[in-house]
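To keep things clear, I will list the structure first and then write my remarks on it.
The values are calculated or read from the model by the stated rules, or taken from the named source; none is laboratory data. This is a predicted model, so every value here is computed, not measured. Using ideal geometry, Cβ is built from the backbone for each residue, glycine included, and neighbour counts are taken over all protein chains shown.
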Amino acid sequence: MLYASFARVRPDKVDKLQAWLAELMHRRAEVLESFRQEGTREEQAYLLPDGQGFVLVHITDADDSDQANAAYETSSLPIDIEHHAMLAECLAERLQLRPSYRCTAAGD
């Protein structure tokens with residue numbers, strides 16, 4: 001199932017977050033190990049400009065987002081520890097958005 005989250009990026013941390021996202025692309029093996037622990041199949045991240053700065057849009061595909069989040073939060077993998085610290089440094093408030101439209105073949 002797809003899950004999306006949204007958070008404002010601190011204005012002085014946009015470049016640092018952009019560099020971190022690029023680094024993740026070069027550390028694919030570590031990211032895939034994290035995916036195995038979480039039960040995640042794919043993730044994507046977008047930095048979208050808006051009138052107030054940038055919003056990080058994070059999309060994941062996992063069987064169970066609660067289980068995936070719990071595995072990430074308790075992970076001892078270096079990539080997850082670094083990622084957690086980077087997001088804590090670079091992100092401001094999380095935005096609570098609900099889909100305006102959602103349809104699945106499963107009907108849920």
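When the test is whether a residue is closer than 16 Å to ALA88 by Cα and within 14 Å of the chain's Cα centre (by Cα), VAL14 does not pass it. Filtered by the rule that a residue be over 19 Å from ALA62 (Cβ atoms) and touching a residue at least 24 places away in the same chain (Cβ under 8 Å), the range 22-45 gives a lone residue, ARG27. Taking the criterion of being modelled with pLDDT of 90 or more and hydroxyl-bearing (Ser, Thr, Tyr), the only residue of the range 53-70 that qualifies is THR60. Reported count of residues in the range 1-24, each being of a type in the set (A, V, I, L, M, F, W, C) and modelled with pLDDT under 95, is 3.
Of the residues THR104, THR74, the single one that is of a type outside the set (A, V, I, L, M, F, W, C), within 16 Å of TYR3 (Cβ to Cβ) and more than 13 Å from the chain's Cα centre (by Cα) is THR104.
If only residues of the range 52-71 that are more than 12 Å from the chain's Cα centre (by Cα) and charged (D, E, K, R) are counted, the one that is surrounded by the most Cβ atoms within 10 Å (Cβ to Cβ) is ASP64. In the range 32-51 there is at least one residue that is buried (at least 16 other Cβ atoms within 10 Å of the Cβ), touching a strand residue (DSSP E or B) at 6+ places or on another chain (Cβ under 6 Å) and part of a strand (DSSP E or B).
Have a look at LEU48, LEU91, LEU97, LEU17 and point out the one that is touching a residue at least 60 places away in the same chain (Cβ under 8 Å) and touching a Phe, Trp or Tyr at 6+ places or on another chain (Cβ under 7 Å). Of LEU48, LEU91, LEU97, LEU17, the one residue that is touching a residue at least 60 places away in the same chain (Cβ under 8 Å) and touching a Phe, Trp or Tyr at 6+ places or on another chain (Cβ under 7 Å) is LEU97. Taking ASP80, is it in contact with an Asp or Glu (Cβ under 7 Å, 6 or more places away or on another chain) and surrounded by 14 or more Cβ atoms within 10 Å (Cβ to Cβ)? Taking the combined requirement at face value, the residue does not satisfy it.
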